[in-house]
Number of protein chains: 4
Amino acid sequence: MSGKTAEERLERASAWWSTSIIDIEPGRIAVRGYPIEQLIGSLRFPEMIWLMLRGEVPSAAQSRLLEAALVAAVDHGPHAPSIAIARMAVTCGLPLNGAMASAINTLDDVHGGAGQQCMALLASIADAAGADEASDAVVGRVLDGFVAAHGKIVPGFGHRWHGVDPRAVRLLERVRAAEAEGTVSGRYARIAQAVERALQAGKSKPIPMNIDGATAVIYSELGFEPALGRGLFILSRSVGILAHAWEQTQQGGRIKGPMSPEIPYRYTGPPLRDLEPRAGAGG
Amino acid sequence: MSGKTAEERLERASAWWSTSIIDIEPGRIAVRGYPIEQLIGSLRFPEMIWLMLRGEVPSAAQSRLLEAALVAAVDHGPHAPSIAIARMAVTCGLPLNGAMASAINTLDDVHGGAGQQCMALLASIADAAGADEASDAVVGRVLDGFVAAHGKIVPGFGHRWHGVDPRAVRLLERVRAAEAEGTVSGRYARIAQAVERALQAGKSKPIPMNIDGATAVIYSELGFEPALGRGLFILSRSVGILAHAWEQTQQGGRIKGPMSPEIPYRYTGPPLRDLEPRAGAGG
Amino acid sequence: MSGKTAEERLERASAWWSTSIIDIEPGRIAVRGYPIEQLIGSLRFPEMIWLMLRGEVPSAAQSRLLEAALVAAVDHGPHAPSIAIARMAVTCGLPLNGAMASAINTLDDVHGGAGQQCMALLASIADAAGADEASDAVVGRVLDGFVAAHGKIVPGFGHRWHGVDPRAVRLLERVRAAEAEGTVSGRYARIAQAVERALQAGKSKPIPMNIDGATAVIYSELGFEPALGRGLFILSRSVGILAHAWEQTQQGGRIKGPMSPEIPYRYTGPPLRDLEPRAGAGG
Amino acid sequence: MSGKTAEERLERASAWWSTSIIDIEPGRIAVRGYPIEQLIGSLRFPEMIWLMLRGEVPSAAQSRLLEAALVAAVDHGPHAPSIAIARMAVTCGLPLNGAMASAINTLDDVHGGAGQQCMALLASIADAAGADEASDAVVGRVLDGFVAAHGKIVPGFGHRWHGVDPRAVRLLERVRAAEAEGTVSGRYARIAQAVERALQAGKSKPIPMNIDGATAVIYSELGFEPALGRGLFILSRSVGILAHAWEQTQQGGRIKGPMSPEIPYRYTGPPLRDLEPRAGAGG
């Protein structure tokens, strides 16, 4: 085929899968260059996550801040579609992997993308400010552009349930402590607070940062790409998804729908009618 | 590696993926040996499904019976977890493919496997009867073994919602008509009816065949393997999953949980407590 | 909560799930208003698909044209990621539903969205032309805008494997026959051919319609929304995914990777290195 | 319905979703009874995983041993179907959540269940031994029963790639250290070593513990249920799946199949043939 030699074609076949993450030979595994046996028992789990995603080992202080964000977002209860889906899936006969898959799949733009979108917004503001601190004018201008493009819901701010999100309050304390220790610059925290002020202007009540906003600040401070904001949220929420799938496994139940069967759903379609007789029909 | 020549290794690479279903060369596609352009516009969709799964084209009468079963099982409303999951997934931002995937995933042993399990049961009875018609004694014996192994819920019989499942009634009419025309033997329909009788014995009300039982009869009469009973059900129910995902797309909504947020879920865990101070904690 | 009565809250719970597709009461199922027992044995499977998605029963001629498109797209072999994934999934222990879910999930914008995108392009051109036939000038203008926004790959045209896609050739014959019979107007077929001409202009070889383009023409002629172009493709390709998953089930194999293990993948990361000793590490 | 009052039906609706994991009120979130703000910045991520799955906070030493297992299993490269699927999915247009879902779904009995199965085996042996140490006779007897029921592949032992799995060696060192500190009893490590000896008996080369066996020992020593062995493996491997999905996102590529397109797959079906003309066909 194509005049290539067998050697050349084998070379192409081999290059089809290429990675800088892991190197494996019989009896030897190296992750990002490090022998796996050096990592096991030495690296903290958040450090391993960082190494896998970014290629280098973080400082202990960076890892601790990442860890706070991972701990914060594990669960928000069975009213969240992802959690409900995991539980329903178990009652359909799925093992934990399948229940987790159906659930994690739904952590998409709307249910799992707010952190990523908030990181992208914070990055746009940082870019617009350049080397300077982001002024209220710069923040307002970028925010206006964002709302014009994406609508009035600004990801990372406000919560339909919590007036003040206790997770965000605590996470922002951790950012301030990390800034005081020199672990992070605090630039993205200040930008996010400027967004909070801008959103509140002229409103009767504040629209404070929520869990997505606070974790977006942390991941941005730590230098993660916005797309990884979604990835890290998934790693965190997977813990909640697993815990609920496991609890449902223990509770039992079969083919559990979204509501008790005695609560009917509402039918809004056409009233009962007859099918026209059809030529050649089997009946 | 391993002393193989490049040619031998290429050969191994090529053999890694092997199929009898489809052959493709530039400008030419053949399915089960037939040029695709001969199939398009000639084969009915159920005939194409049969060809893909079994390698040969069925008769028109076989295809019509298969089609009746595929039409019957498309939907059973949003109380079914698969349908609810598809709708919830759409409100999380998923496109139709993702919503369908999370939903189809849950058509597992409990939610999508009853037809397959019923086919396996009917096949066991047919095997036990051998060349004869299955007597009530043979049916009773196999059924007792099934209940001992799998519990009292016999897949394909009884419905928690419908006393009589109108889909099953109509499908069994179609089987009888197909038997009268010589399309099928009717052996599996008779076995299923014997199971019905056995299940009713000593009960105050009947436990009639449901949609899974009636489609199991049809797929068995048509010679499908039990495992494909699940596969055909998935092809059918995918239509309902798609229709509901699409309706939800048009309805809109964001991060729709299983119940209205004003219906609280029930918390059954420990009361509020304080975390013990932890050595080395970041707080 | 919120001062609502229990009756009002129940009403809200019930309205949380609302659908015009299916109405169910004990012993009675109606789809789009039709009793299910009237549909079984009367409607063809493509007619049922149409009824579920659009609320009304199509004519037999419309159904036959839809069917041709559904037959055409069922499979393109194991080099397609969706097919390979279904087969790999089976060797990991997944049942057919799980293998189909992992595979269908990947029929996203790039792998499953070309038909939908082509339909949207054809609709833009039709809108720009208004009541008139789309002139080459209008086609060129809309196409330029499309390329400026989305890049040079125009969905539905050209194929990396087939110079001429035999499925498209045959499907377009069916559209012409349907136009001759008055089933469709042929407007979208003419627009797509004008796009073909525009794409070929100044090129040494044609960039003819592929399967996605030809099915996009059919679905557009039949009045489907672009989003449903993806949905219909999924229903079609699900047949191939199921057939390959089933063939792999019969072939057996455990944890089948993408390539024969003797074809190594390529490692491009850092060379072997030692982890710095870490304070407080467990090792 | 059913003569229930609206209040009773609302109560049923509420009880439909019940959990002991998380309690939420506006402005307040408690996980297993602990206010979330006390957990953030205090609990390590593995401690949070443990709390979510088991309801209580582990000791620091227990958490460190769990962490070693979580670090060890994150990745085994793109020859693993789950990793390849994540990468292929990205090239089909899926975001990280979708790629992770398709991949995690495949961590089923064969690809993700070995640890769980090994834990169940170790537990059977421990049960058979009762209060005593498991003698070689007891181990041999339970093992014989296992092989009779499940076949000759004993999950957790032997590796098709690694003669000695460096991850297992290191993890078992950590178990011994934890035993020396009194964190674990070492009972399951001793049982697993007895299984190793039994498997080697009469063989020319050893069949040592692999990553699944070593993590099974750790999770068993820490008191996790076998089913959670699979869950914990998924949390660990999700990191690798995310890292590879992200790397593929950065590499780009469109609709990446399992092998370079110039490596053909093998067709084993019927030779080219013509479709019989069909009555009533549209062509």
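At-a-glance table
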| read-out | value |
| --- | --- |
| Amide H contacts under 5 Å for B:Ile207, placed H, 5+ residues apart | B:Gln200 |
| Rounded to the nearest 20 debye, dipole of the protein assembly as shown from Cβ charges on Lys, Arg, Asp, Glu | 0 debye |
| Global form of chain B, assessed from the alpha-carbon gyration tensor, a/c cut-off 1.5 | oblate |
| Among C:Val138, C:Ala189, C:Leu275 the positive-end extreme of the charge dipole of region C:129-283 (Cβ point charges) | C:Leu275 |
| Neighbour-count ranking [beta-carbon atoms within 10 angstrom, fewest first] of B:Leu275, A:Leu66 | B:Leu275, A:Leu66 |
| Potential extension, B:Ala15-B:Ser135 segment - 0.36 nm per residue separation minus Cα distance | 38.4 nm |
| Hits among lysines - C-alpha to C-alpha of C:Lys203 under 18 Å, sequence gap 8 or more where chains match | C:Lys152 |
| Computed helical MRE - 222 nm, chain C, DSSP H runs ≥ 4 contributing -39500 (n - 2.57), nearest 500 | -17000 deg cm²/dmol |
| Footprinting exposure proxy for A:Arg9, A:Arg160, A:Arg176 (fewest neighbouring C-beta atoms within 10 Å first) | A:Arg160, A:Arg176, A:Arg9 |
| Rounded FRET efficiency, nearest 0.05, which uses the C-beta distance separating B:Leu272 from D:Gln193 and R0 of 51 Å | 0.70 |
| Sorted peptide list for B:256-263, B:138-145, criterion being average Cβ within 10 angstrom, highest first | B:256-263, B:138-145 |
| Whether region D:151-283 is rounded, prolate or oblate, judged on the alpha carbon gyration tensor where a/c under 1.5 counts as rounded | prolate |
| Average beta-carbon neighbours from other chains, 10 Å sphere, peptide D:149-161 | 1 |
| Using a 7 Å Cα-to-Cβ projection, A:Gly163 label spacings across copies, nm, ascending | 5.4, 6.9, 7.3 |
| Shortest-first distances to equivalent copies, position B:Arg273, nm, label 7 Å out along Cβ | 4.5, 6.1, 7.0 |
| Dipole moment magnitude, nearest 20 debye, region B:90-224 about Cα centre, only Lys, Arg, Asp, Glu C-beta charged | 420 debye |
| Region C:96-221: C-alpha gyration tensor shape, a/c 1.5 cut-off, then a/b vs b/c | prolate |
| Under 5 Å, built H, 5+ apart or other chain: amide partners of D:Arg266 | B:Trp17, B:Ser18, B:Thr19 |
| Centre separation in Å (Cα based) which lies between region C:168-232 and region D:1-40 | 54 Å |
| Rg and Dmax of the protein assembly as shown, Cα atoms only, in Å | 29.8, 89 |
| Using a 7 Å Cα-to-Cβ projection, C:Ala123 label spacings across copies, nm, ascending | 3.1, 4.4, 5.2 |
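Computed from the coordinates by the stated procedures, all read-outs in this text should not be read as laboratory data. Just so you know, these numbers come straight off a predicted model, no measurement behind them. Glycine gets a Cβ as well: all are built from the backbone with ideal geometry, and neighbour counts include every protein chain shown.
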